[in-house]
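The values are calculated or read from the model by the stated rules, or taken from the named source; none is laboratory data. Fair warning: this is a prediction, and the values are worked out from it, not measured in the lab. Don't worry about glycine lacking a Cβ; one is built from the backbone with ideal geometry, like all the others, and counts go over all protein chains shown.
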Amino acid sequence: MDLSAFPYLQGNYAPVLEESDFGLGDLRVEGEIPASLTGAFMRDGPNTAYQPNHYVYPLDGDGMIHAVYLKGGQATYKNRWVETSHLKTERKFGRTIYGSVGKLLEVPAEVIEAGGEPNPVRNTANTNVIYHGEKLLAMWEGGFPHLLNNDLSTVGLYDYDGALKPGDALTAHPKICPDTGDLISCTQRWDSPNYWVQIFDKNARHKRTIPVQFERKGIIHDLQITENHVVIIYAPAFHDVTRAMRGEDPFSWEPEKGTRILVIPRNGKDEIVTYETEAFFSWHFCNGFERGGKIIIDYVWINRMPFTQAQGTGVEKQPRRMYRMTLDNASKTLTNEKFSDVFCEFSRVDERRMGKPYRYGFAASSDRQWADAHGYNCTGRFDFDTGETTLFNYGEQANAGEPVYVPNPDSPHEEDGWLMCFVFNPGEGQYLSIISAGDVAGGPVAKVYIPTRVPNGFHANWMQNLTL
Ligand SMILES: [Fe+2]
């Protein structure tokens, strides 16, 4: 595979070509894995299986899951591609068939005649992996999720027992309500501008749909819950599938339209309230909660839509930082304030506090000038009580992934949990980092070295009690 034409498939963005299994004793551990942890740390990300025709960062690439299973202070590792129908079709033909989300290609007649996947839009299954209602799902926001077994083998597309209809695109960023265990999710469609909040109960049974009307389909990546609401950001960022089919740049950023924030009552009955402000984009919320008639939303602010097919487009230098937005229900006004000067992305929280008052946010962070697509070399902790940001630097050239908060099963305190993320540090190697949430500056309490590389990817989660 020649990837020299693809700047975002270089270094630790390059795919790994092998599926590996490392058992007990294969992984060197520095420090000590907390013995009370039983479960799996899993991360999804793009891992193109064939040399692509076209590649848009950070959207394209076949999904691959990397999993570290922990039990009794010991670790094992496994990585597998998600076996999507697009990937299986390309394997059958031994070459790339489909285009990218930035340049769709007509599916050749011989592929369709041979029973290959006819949809030109690849379900990459590359964005997130979640465990809810005892279902392990690889998520992609443009289609159905894929159901996986605990050993990462793929069962197939999952439609929530028929709740998802053909053409429904389920978000990769649902939130789990810590009080009810409900999964608060949403669907969009390629053939409609509208948006539907979808709520599933703790057993993954569909419970409620709340429709939201839009005049134009926006790129809405994440959603945030609060006690009574779902909050979404409608930025002036659009994708035109017809232009993608013609090979033209399908993305448009129209800042004169401003950004809207929609506050949608979770009961599905009360009125939806819309706030308007100057244009910004965001991939990810950190958390949100309600206090005294106000809704407080913490998220990673980006100055504009961040897609690119090449370096030098400006995406490499885009500012992105933790912000706090306050929506005042009485005056229908908002304030939007920068919380920290640290470059960050992939914000996470102790999910026992999802939608509730909390103290700490966590994010992949950088203490370097963000200019060369090297990624994030730090884990950051954002203390919303004191205003302080604390970083741990893994190395100047290191790449650190999304830090997932893993609760300490023996303590309700935020400080007593751990942060887990994959780190690739040239010269040192690949490891799973485990940091105490109460002592981020102190660095890893354990490094679980993996004898292969884990490319930079997207979202991870801790699957409590999931074992092989
Ligand atoms: Fe995301």
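When you scan the range 104-120, do you find a residue that is in contact (Cβ under 8 Å) with a residue 60 or more places away in the chain, of a type outside the set (S, T, N, Q) and within 30 Å of residue 405 (Cβ to Cβ), even just one?
No, every residue in the range 104-120 fails to be in contact (Cβ under 8 Å) with a residue 60 or more places away in the chain, of a type outside the set (S, T, N, Q) and within 30 Å of residue 405 (Cβ to Cβ).
Find the strands (runs of 3 or more DSSP E) located wholly in the range 41-157 whose residues include 3 or more that are within 20 Å of the chain's Cα centre (by Cα), and list them.
Answer list for the range 41-157: 63-71, 74-81, 128-132, 135-139, 146-148.
For the range 210-224: of the residues being surrounded by 15 or more Cβ atoms within 10 Å (Cβ to Cβ) and away from the ligand (no atom under 16 Å from the Cβ), which is farthest from residue 101 (Cα to Cα)?
It comes out as 210.
Counting only residues that are at pLDDT 95 or above, hydrophobic (A, V, I, L, M, F, W, C) and touching a Pro at 6+ places or on another chain (Cβ under 7 Å), give me the strands (runs of 3 or more DSSP E) lying completely in the range 287-378 with at least 2 of them.
Output list reads 360-366.
Give me the residue from the range 452-465 that is away from the ligand (no atom under 16 Å from the Cβ) and under 28 Å from residue 359 (Cα atoms) and, out of that set, nearest to the chain's Cα centre (by Cα).
462
Out of all the residues in the range 328-338, is one or more surrounded by 23 or more Cβ atoms within 10 Å (Cβ to Cβ) and in contact (Cβ under 8 Å) with a residue 24 or more places away in the chain?
The answer is no; no qualifying residue exists.
Among the residues of the range 158-176 satisfying the criterion of being in a strand (DSSP E or B) and more than 11 Å from residue 200 (Cβ to Cβ), which is nearest to the ligand (Cβ to nearest atom)?
Selected residue: 175.
Are any of the residues in the range 430-451 within 17 Å of the chain's Cα centre (by Cα) and either part of a strand (DSSP E or B) or buried (at least 17 other Cβ atoms within 10 Å of the Cβ) (or both)?
Scanning the range 430-451 turns up no residue that is within 17 Å of the chain's Cα centre (by Cα) and either part of a strand (DSSP E or B) or buried (at least 17 other Cβ atoms within 10 Å of the Cβ) (or both).
So how many residues does the range 26-69 have that are of a type in the set (D, E, K, R) and buried (at least 22 other Cβ atoms within 10 Å of the Cβ)?
Looking only at that region, the number is 4.
Scan the range 229-274 for residues that are within 20 Å of residue 172 (Cα to Cα) and of a type in the set (Lys, Arg) and report the count.
Adding up the residues that qualify gives 1.
Within the range 235-279, work out how many residues are within 16 Å of the ligand (Cβ to nearest atom) and out of contact with any Asp or Glu (no Cβ under 9 Å at 6 or more places or on another chain).
Result for the range 235-279: 2.
Give me a count of the residues in the range 177-209 that are away from the ligand (no atom under 16 Å from the Cβ) and closer than 24 Å to residue 236 by Cα.
Total meeting the criteria: 11.
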